[in-house]
Amino acid sequence: MKVLVVGSGIIGLSTALYLALEGFEVKVITRNPEEATSWVAGGMLAPFSEGLEGELFDFSYKSLKMYPDYVKLVEDVSKLKIDFWTDGIYRVVLEGEEELLKKAEDYKSKGYKVELLERPPYLSQRVSLLVHYLEEGWVDVENLMDALLRAMELLGVPIEIDEVVGVEQKEDKVEALKGLKRSYTADYYIFCTGAWAKELFDVPVYPIKGQALKVKAKPFEVVHYSTISYLIPRSRYMYIGATSEDVSFLGGNTVEGLASLCLNATKIAPSLAKGEIIATLYGFRPATPDGKPVFLLGENYALLSGHYRNGILFAPLTAYLMKSLLKDNEKSIYFESFSPKRF
């Protein structure tokens, strides 16, 4: 079966990887291999810290548990090392955020690994305590994306640079894709176009811009996730994120955005005020009205979008669901749960 994957973010490349390893003839089409928001994501794997509930939490937790094997698979195929941490995440509880403690107790009562820690001296007095979600982790997404691209090369999955500007459909079947360079045909089409999904399909996916910083500072070894900031240690720097802006596709970093990142980070960890800014980042999260993904299935195509703040976390399970659908004809309940028909 010939499969075309449109989009080269983590969802598209992970899906292409899983299918190529099963023997499918896969090709990726992207207008820019480095445009995907995946490249600038924080990389937190944090369903507990995010406070997720219901089917979205269940989906997130299943994908979280797949992550060690997923990272090993990408490493094995690409022959590249990926920085991946499984030390848990500290959910920072600020003054007046007692509801976070109730949430932690709820998770703990269901058997998940949770512990409460006193505020360490390197954090400001605005911090009441820390909730340590021991099952969470984080990944250096730049490492991961480099490895996925390398895996495509080693597996012989071609990446075509073109912009898909139209989808030729007859009823519920895609007949061809119209690119700026030429048209493309396949047996099956998978659209992983993130925040740009609405350019090709009438789905309620819209961009939420996020700005972030790389800072030369490393005052601690574990992610500190707070309501106002998240501080993510990587091997060579600290990642500080992230704004949440409903400004369509207005690009670039702003003084206001960067100032808020710096101010909020130092409200949590005052020593970061002395950190040296080494890079600024921004990207566009694919948001939906209810914060859940959008999985649209047609006769010979699928749209996988709307992963919003958790695209990195959701990648293994999303790719696995597509593999199961095409290889074993197993249609997951999540295709119904996350169908755009719910709107």
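The values are calculated or read from the model by the stated rules, or taken from the named source; none is laboratory data. Since the model is a prediction, treat every value here as computed from it, not as a measurement. Ideal geometry is used to build each Cβ from the backbone, glycine not excepted, and the neighbour counts take in all protein chains shown. Accessible surface is based on the protein model in full, side chains and every heavy atom, while ligands, DNA and RNA are left aside. Shrake-Rupley method; radii C 1.70, N 1.55, O 1.52, S 1.80 Å.
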(message) Output needed for segment 61-147: three equivalent-ellipsoid semi-axes, defined as square roots of 5 times the C-alpha gyration tensor eigenvalues, in descending order, whole Å.
(response) 31, 16, 9
(request) Using a cut-off of 9 Å between beta-carbons, work out the net charge of the residues near Leu64 (Lys and Arg +1, Asp and Glu -1, Leu64 not included). (result) 0
(message) Starting from 0.36 nm per residue, how many nanometres of slack lie between Asp87 and Lys173 once their C-alpha separation is accounted for?
(response) 26.4 nm
(message) With angles folded into 0 to 90 degrees, how steeply does helix 98-109 sit against the dominant principal axis of the chain? Use alpha carbons for both and round to 10.
(response) 60 degrees
(request) Quote to one decimal, in nm, the extra length available between Leu263 and Leu94 on full extension: 0.36 nm per residue of separation minus the C-alpha distance between them. (result) 59.3 nm
(request) Over the residues of the chain, compute the C-alpha Rg and express it relative to 2.2 N^0.38 Å. (result) 0.99
(request) Within segment 67-95, which residues have the backbone N less than 14 Å from the label spot 7 Å out from Leu117 along Cα→beta-carbon, could you tell me? (result) 86-93
(request) Compute the FRET efficiency between Gln125 and Ser339 as 1/(1 + (r/R0)^6), taking r as their Cβ-Cβ distance and R0 = 56 Å, and round to the nearest 0.05. (result) 0.75
(message) Report for the chain the percent antiparallel among DSSP-assigned beta bridges with both residues inside it, nearest 5.
(response) 75 percent
(request) Would you work out which of Val203, Val167, Ala151 lies farthest towards the positive end of the dipole of segment 96-212, given +1 charges on the beta-carbon of Lys and Arg and -1 on that of Asp and Glu, about the Cα centre? (result) Val203
(message) Between segment 26-71 and segment 93-136, what is the separation of their alpha carbon centroids in Å?
(response) 23 Å
(message) At 1.4 Å probe size, with the rest of the protein present, what percent of the exposed accessible area of the chain is carbon and sulfur atoms?
(response) 49 percent
(request) Find which of Phe48, Tyr70, Tyr90 sits farthest along the positive direction of the dipole of segment 1-155, computed with +1 on the beta-carbon of Lys and Arg, -1 on that of Asp and Glu, about the Cα centre. (result) Tyr70
(message) Give me the 1.4 Å probe accessible area per residue for the chain, excluding ligands and nucleic acids, in Å².
(response) 43 Å²
(message) Could you work out how much longer the chain between Glu330 and Phe220 gets when fully extended? Use 0.36 nm per residue separation minus the Cα distance between them, nm to one decimal.
(response) 35.2 nm
(request) Taking the Cα centre of the chain as origin, work out the dipole magnitude from +1 charges on Lys and Arg Cβ and -1 charges on Asp and Glu Cβ, in debye rounded to 20. (result) 520 debye
(message) Over the chain, with a Gaussian network built from C-alpha contacts below 10 Å, which listed residue (Glu153, Glu105, Glu168) shows the highest mean-square fluctuation?
(response) Glu168
(message) Net charge around Asn143, counting only other residues with Cβ within less than 10 Å of its Cβ (Lys, Arg = +1; Asp, Glu = -1)?
(response) -3
